[in-house]
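Have a look at the structure below before the remarks.
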Amino acid sequence: MGKILVAVAFYPDDKGNKRLYYTHVRNKYYQQEGLDVTVLNFSTDHHYNVDGIHVITLDEYKKCNDKYDILICHAANIRNHYRFLKKYQSDFRKIVFFFHGHEIMHIKKYYPKPYSFKARHYLFKSELVNIYDTFKLKLWRNFFLSDLNKIKLIFVSNWIKDVFLEETRIKAEYISDNSKVINNSIGAVFEKESYQIKTIKKYDFITIRNYLDDSKYAIDLVMRDAKAHPEYKFCLIGKGSYFQYNILPKNVELVQRELSHKEMLKFLNKSYCGLMPTREDTQGVMTCEMATFGLPVITSNIDVCREIFAEMNNVFLASNSKDLTIYYSQAVKAIPTKKNERYFFKNTVKKEIDMLYRLSI
């Protein structure tokens, strides 16, 4: 089995940062299944280890004598991945791209307008971003079509695959043999552990978002419903500047830090229902984790959520324009008697591992 290099713009680090944690979840599974994995983190200035995964800098890659058989690119961008590929793509026998969202779309077309405290010069900046996105998509289109025999394209949902085809103007038949839809896996603890309905509850609703300031995660809608329902207790977990510009309702407990998966379970077991509205997403891994754990969850009635949660009876889809808590009484009764396995390891990352073994032959 050849060695695998995973290239990312950011990665969980030895200082407690959890950015792009979904890539780390994969890498731990890869390692457990016998794959030799190293991470190239373009944003770090030193090498380190996280849970046994070795992380290197770009300078270290340039100096090392290690040979990697397969390169995996997560959420590839022009500044890091594209420049790296143009110089080093011949180092690898196969290149696998995982598409998570913004990297293959016009952001202005799909992302909601930012919150007002982040929207300074928004119209001017959005036009510049739009021009950049057009340039970005042209570069990636040419790169993908340059050597389809060497490249594998993995999409985390059918929705993002459709966006890719529309935005790159690549015909579906061109990538039919070298593309797959493989959903993101949930963290292992959400697969192994189950929601404890008999635990004493502290919160009616819980919302977990690592970054509160991104309008696509709709913290404003959570606060809208909290203000409308002072009789309910809300728990909001995440970091950001949102409450430097907005008042925190008295019935909302704010936990401003990133939690480990095991820490999350303690809060979920103290809650009756997850409240996870979104204006745009490609899968919504945290919501998948909550629902698989067994917590009833209310999220948004948008295309990608209809796809991702179609098989989950404890997930309720609500219109963002209305009071999301309308489903609360139904949701708290919807405790699944059997765990939904759609996002288990065997149905997600195991497919990736099987593919990587085939590519290494």
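Rounded, prolate or oblate: which fits the range 20-78, taking a ≥ b ≥ c as square roots of the Cα gyration tensor eigenvalues, rounded meaning a/c under 1.5, else prolate when a/b beats b/c? Mind showing how you got there, number by number?
Details: a/c = 1.42, a/b = 1.25, b/c = 1.14.
Rounded, since a/c falls under 1.5.
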Mean-square fluctuation maximum in Gaussian network of the chain, Cα pairs under 10 Å, restricted to Asp147, Asp323, Asp14, hits Asp147
Taking Cα atoms, the helix 122-146 axis meets the longest principal axis of the chain at an angle in degrees (rounded to 10) of 40
Filtered hits (aspartates and glutamates, Cα-Cα < 14 Å from Lys138, offset >= 8 within chain) -> Glu103, Glu166, Glu167
Using a 1.4 Å probe on heavy atoms of the protein chains only, the accessible area for Glu167 in Å², nearest 10, reads 20
To the nearest 20 debye, the range 218-268 has a Cα-centred charge dipole, built from +1 on Lys and Arg Cβ and -1 on Asp and Glu Cβ, of 100
Using alpha carbon centers only, the range 230-249 is separated from the range 190-215 by a whole-angstrom value of 15
Along the dipole axis of the range 1-155 (charges at Cβ: +1 for Lys and Arg, -1 for Asp and Glu; origin at the Cα centre), the most positive-end residue among Leu148, Phe99, Ser116 is Ser116
With only helices counted (DSSP H, runs n ≥ 4, each -39500 (n - 2.57)), the per-residue ellipticity at 222 nm for the chain, to the nearest 500, works out to -9500 deg cm²/dmol
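Output the relative contact order of the chain, whole-number percent, from Cα pairs under 8 angstrom with separation of 6+ residues.
Here the relative contact order equals 15 percent.
Shape of the range 1-107 from its Cα gyration tensor (a ≥ b ≥ c, root eigenvalues): rounded if a/c is under 1.5, otherwise prolate when a/b > b/c, or oblate?
Working: a/c = 1.27, a/b = 1.06, b/c = 1.20.
Rounded shape, in that the Cα axes give a/c under 1.5.
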When the charge dipole of the chain is computed with +1 at the Cβ of Lys and Arg and -1 at the Cβ of Asp and Glu, the Cα pointing farthest to the positive end, of Ser126, Thr44, Ala188, is that of Ser126
In the chain, taking the dipole from +1 charges on Lys and Arg beta carbons and -1 charges on Asp and Glu beta carbons about the Cα centre, the listed residue (Ile247, Ser215, Phe135) farthest towards the positive end is Ile247
Quick calc of log₁₀ I(q)/I(0), the range 159-215, Debye, one scatterer on every Cα, no solvent, q values 0.31 1/Å, result -1.23
Across 10 Å bins beginning at 0, the whole-percent shares of Cα-Cα pair distances in the range 261-356 come to 16, 47, 31, 7, 1
For the pair Ile107 and Lys262, the simple spin-label estimate (label points 7 Å beyond Cα toward Cβ) gives in nm 3.6
At R0 = 45 Å the Cβ-Cβ FRET efficiency linking Asp45 and Leu359, nearest 0.05, sits at 0.90
Simple SL model, points at 7 angstrom along Cα→Cβ for Asn130 and Tyr88; separation in nm is 3.6
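Could you grab the Rg to Rh ratio for the range 196-342? Cα atoms only, Kirkwood for Rh. Before the final figure, lay out the partial values.
Numbers: Rg = 14.0 Å, Rh = 15.2 Å.
When Rh is taken as the Kirkwood radius, the ratio is 0.92.
For Phe243 and Val332, compute 0.36 nm times the residue count separating them, minus their Cα-Cα distance, and round to one decimal in nm. Please report the intermediate quantities before stating the final value.
Working: separation 89, 0.36 × 89 = 32.04 nm, distance 2.86 nm.
Taking 0.36 nm per residue and subtracting the Cα distance, the gain is 29.2 nm.
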Checking Phe345, Phe97, Phe117 against a Gaussian network model of the chain (alpha-carbon springs below 10 Å), the top fluctuating residue turns out to be Phe117
Ignoring ligands and nucleic acids, Lys86 exposes an accessible area, probe 1.4 Å, in Å² to the nearest 10, of 120
Per the C-alpha gyration tensor (a ≥ b ≥ c, the square roots of its eigenvalues), the range 188-263 is rounded if a/c is under 1.5, else prolate if a/b beats b/c, else oblate; here it's oblate
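Calculate the translational D of the chain in whole µm² s⁻¹ from Stokes-Einstein, where the hydrodynamic radius comes from the Kirkwood formula applied to all Cα pairs, the temperature is 37 °C and the viscosity 0.692 mPa s. Let's see the in-between values first.
On the way: Rh = 21.6 Å.
Translational D for this selection: 152 µm²/s.
By the scheme Lys and Arg +1, Asp and Glu -1, what is the net charge of all other residues having a beta-carbon under 13 Å from that of Leu148? Write out the running numbers ahead of the final one.
Values: positive: Lys94, Arg141, Lys150, Lys152, Lys171; negative: Asp147, Glu173, Asp177.
With Lys, Arg at +1 and Asp, Glu at -1, the net is +2.
So if I take the alpha carbon set of the range 50-205, get Rg, then get Rh from the Kirkwood formula, what is the Rg over Rh ratio? Don't skip to the end; give the middle numbers.
Working: Rg = 19.6 Å, Rh = 18.7 Å.
In the range 50-205, Rg relative to Rh is 1.05.
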Sorting His261, His102 on solvent-accessible surface, 1.4 Å probe, most exposed first, gives His102, His261
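Rounded to the nearest whole Å³, what is the per residue volume of the convex hull around the Cα atoms of the range 92-136?
Details: hull volume 4.5 nm³, N = 45.
Measuring per residue, one finds 99 Å³ for the Cα hull of the range 92-136.
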Treating only Lys and Arg (+1) and Asp and Glu (-1) as charged, each at its beta carbon, one finds that the chain has a dipole about its Cα centre, in Debye to the nearest 20, of 240
Note on the range 213-252: contact order normalised by length, alpha-carbon pairs under 8 Å, 6 or more apart, percent, works out to 48
Filtered hits (aspartates and glutamates, Cα-Cα < 18 Å from Lys150, offset >= 8 within chain) -> Asp69, Asp91, Glu173, Asp177, Glu352, Asp354
Once Asp147 and Arg306 are pulled to full extension, the length gained, defined as 0.36 nm per residue separation minus their Cα-Cα distance, is 53.8 nm
Listed residues Asn17, Asn269, Asn183; largest mean-square fluctuation, Gaussian network over the chain with Cα springs below 10 Å, found at Asn17
For Lys125, counting only lysines whose alpha-carbon sits under 17 Å away and dropping same-chain residues fewer than eight positions off, the answer is Lys108, Lys109, Lys113, Lys136
Expected unfolding gain across Leu139-Lys171 under the 0.36 nm per residue rule, minus the alpha-carbon gap, is 9.9 nm
The alpha-carbon center of the range 77-142 and that of the range 309-333 are separated, in whole Å, by 33
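The values are calculated or read from the model by the stated rules, or taken from the named source; none is laboratory data. As the structure is a prediction and not an experimental result, all values here were calculated from the model. All Cβ positions, glycine included, derive from the backbone under ideal geometry; neighbour counts span all protein chains shown. Quick note on the areas: whole protein, heavy atoms, side chains included, nothing else; ligands and nucleic acids left out. Shrake-Rupley method; radii C 1.70, N 1.55, O 1.52, S 1.80 Å.
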